[in-house]
Amino acid sequence: MNYLPLALPFFAGLFFLFAFVVVLIELRIVQFAYEQAGIGPRYMLALLLLSFLGSYVNITVAHLPPEHVYSNEVISFFGMRYVVPVVHEWPGTAIAVNVGGAVVPTLVSAYLVLKNRLYLSGLAAVAVVTLVVHAMAYPVPGVGIAVPIFVPPLVAALAAVAFSRRRAAPLAYVAGSLGTLIGADLLNLGKVAGLGAPIASIGGAGKFDGIFLSGLIGVLLASLLGPRRRARA
């Protein structure tokens, strides 16, 4: 099932934020951040762009029992506006996996964990983000489970610097992505039934913005905070 997870102005806002970071990288202002992450700047940008475009694609994996579902609405949550796709004679809520918000971040996170050997620190940082995100996650009728947009990247950046200043950048991406998926989606699957959402997308809708920003802002914040702390030491 293909549809934009956010209202067009907010989706465009993420795109312009992405374009702004591209300009900064071309000016070599944040090149260090991506080098810290263990992935070349252009490869990281390609992966973030793939995440952005992949947010349009949802792969259905299961269906919940029939119920009344919302259709063709825009629902606000913490200032963000989420799109409910147009459906006709929809049997119930479809459980799906979002390509840009779940598949791509999970694969990149696995690569970063193995490349940087973020086994214990990765487990600890993901656990922290999972707990915070799970506490902040909120069932939204018509949408599914949503999280305040800036919670995942900020918590991920702080946790990454706390657990591994040397590898703060890749750890921020891993913690923000996996912590959001686990804390908001996987631990709340039981709350999806009865919300009237035509599709409950793992990594999509009310979580995609936080996951995308965890890759974009979380890496930047962790990289900027990390070197400063090392300098004081």
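Where a number appears in this text, it was derived from the coordinates with a stated rule and is not lab data. Just so it is clear, the model here is predicted, and its values are computed rather than measured. Cβ: placed from backbone, ideal geometry, glycine included. Neighbour counts: every protein chain shown.
Taking all Cα-Cα distances within the stretch 154-210, those exceeding 20 Å account for 35%. Listed by Cβ neighbour count within 10 Å, with the fewest neighbours leading, 52, 18 appear as 18, 52.
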